[in-house]
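The values are calculated or read from the model by the stated rules, or taken from the named source; none is laboratory data. Because the structure is a prediction, the values reported are computed rather than measured. Note that each Cβ is placed from the backbone with ideal geometry, even for glycine, and that neighbours are counted across all protein chains shown.
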Amino acid sequence: MTRSVSPKRSPKPSRSPYVLEEQVGFILRQVWQRHATIFAREIGINLTPTQWAALAKLTETGPCSQNALGRLTAMDVATIKGVIDRLTARGLTETSPDPEDGRRLLVSLTRAGQQIAETAMPNALAISRETLAPLDARERETLLALLSKLR
């Protein structure tokens, strides 16, 4: 009579102190992925989130240096340069010498850039609303306040 040999089972692993799904970075990445999907579907024009950030900030501030725009939109030097280069190639932004400092260029919206920003603004607001829709008003306020503290 042959004896059946069952494979040895390894002991059930003990609960690790690091559970990926409970980590802030993992959760933030999932939220960002959800937001990016909503953004791509709803913005209504062919813009990336970083391009929209630059247009929105220029709408808010008016002309400013590329360096200042990068700081205002939380983009590093290389990223903001690429964003402005692509927006300028599309005719949405332009650069001109700063009258106060000839060594510096100011970035501003073109008429087409202003029109795109005005058209996209209601969509951008709707994107934020949809991203936060699972939360009630108090939770939205709390979440935004807490996230602001982490910047």
*For region 31-45, state whether one or more residues are surrounded by 10 or more Cβ atoms within 10 Å (Cβ to Cβ), modelled with pLDDT under 95 and touching a Phe, Trp or Tyr at 6+ places or on another chain (Cβ under 9 Å).*
yes
*Which residues, counting only those in region 17-55, are within 10 Å of the chain's Cα centre (by Cα) and under 20 Å from residue 85 (Cβ atoms)?*
48, 49, 50, 51, 52, 53
_Can you find a residue that is closer than 30 Å to residue 146 by Cα and part of a helix (DSSP H, G or I) anywhere in region 80-103?_
yes
_Filter region 44-78 down to the residues that are of a type outside the set (A, V, I, L, M), more than 25 Å from residue 97 (Cβ to Cβ) and touching a residue at least 40 places away in the same chain (Cβ under 8 Å) and list them by number._
44, 52
*Under the condition of being among the basic types (Lys, Arg) and in a helix (DSSP H, G or I), which residue from region 107-151 is nearest to residue 84 (Cα to Cα)?*
111
*asked:* Could you list, ordered by first residue, the pairs with Cβ atoms under 9 Å in which the first is in region 129-144 and surrounded by 13 or more Cβ atoms within 10 Å (Cβ to Cβ) and the second is part of a helix (DSSP H, G or I) and among the basic types (Lys, Arg), at least 6 apart or interchain?
replied: 131/34; 132/140
*From the options 41, 34, 104, residue that is in contact (Cβ under 8 Å) with a residue 12 or more places away in the chain, basic (Lys, Arg) and under 20 Å from residue 130 (Cβ atoms)*: 34
*Taking the condition surrounded by fewer than 16 Cβ atoms within 10 Å (Cβ to Cβ) and at pLDDT 95 or above, does residue 69 pass?*
no
